[in-house]
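See structure below.
The values are calculated or read from the model by the stated rules, or taken from the named source; none is laboratory data. Remember, predicted model here, so these are calculated numbers, not experimental data. Quick reminder, even Gly has a Cβ in these numbers, built from the backbone with ideal geometry, and neighbours come from all protein chains shown. The accessibility values were calculated without ligands, DNA or RNA, using every heavy atom of the protein model including side chains. Shrake-Rupley method; radii C 1.70, N 1.55, O 1.52, S 1.80 Å.
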Amino acid sequence: LGFDVALTAVQRTAVSREALAGLVRTAPPTGSVFPPDADAFFRLERVPVQGQVPLDPGFAVLVVSDGAVSIGGRPAPRGSTWLLPAGAGSVLLDGAGEVLLARPPAA
């Protein structure tokens with residue numbers, strides 16, 4: 001795009017504390033990390049894993065953010081990133097930790 005065009009997408013002026021506070025939110029311990037309005041663009045969920053957790057079928061990128069889990073029976077240590085193709089069907093998480101689950105926009 002070029003530097004000049006890219007900068008048109010960025011606000012380069014000061015933002016008040018009140019306006020900034022409206023942009024920042026603490027992610028809940030489980031579920032969607034983003035506000036509901038973001039679902040039309042991108043979805044990201046925190047998935048705590050204590051034992052077995054089934055994932056709905058569909059394309060996803062998983063990042064193991066804590067602990068050691070298995071994804072579909074394969075070891076997935078903390079820090080590992082996994083790509084689940086849409087055709088993989090339902091996948092089972094197992095172990096103890098947390099996974100960030102990124103999915104495309106909600107239909």
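Some values worked out for this structure:
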item: Overall form of segment 1-49 per C-alpha gyration tensor (a/c, 1.5; a/b vs b/c); result: oblate
item: Sulfur and carbon atoms: percent of accessible area, segment 1-99 [1.4 Å]; result: 61
item: Evaluated at q = 0.22, 0.23 Å⁻¹: base-10 log I(q)/I(0), Debye formula over Cα of the chain; result: -1.14, -1.21
item: Residue-by-residue Karplus 3J(HN,Hα) for segment 28-33, coefficients 6.51, -1.76, 1.60, Hz, glycine and proline x; result: x, x, 8, x, 5, 7
item: Span from the segment 26-41 Cα centroid across to the segment 1-21 one, whole angstrom; result: 22
item: Karplus-derived HN-Hα couplings along segment 44-57 (A = 6.51, B = -1.76, C = 1.60, θ = phi - 60°), whole Hz, x at Gly and Pro; result: 9, 10, 8, 10, x, 10, 9, x, 9, 10, x, 9, 5, x
item: Neighbourhood charge, 12 Å Cβ-Cβ cut-off, centred on P104 and excluding it, Lys, Arg +1 and Asp, Glu -1; result: +1
item: Under 5 Å, built H, 5+ apart or other chain: amide partners of S80; result: V64
item: Candidates per trypsin sites (Lys or Arg not before Pro) in segment 1-103, loop by DSSP, up to 10 other Cβ within 10 Å; result: R12, R25
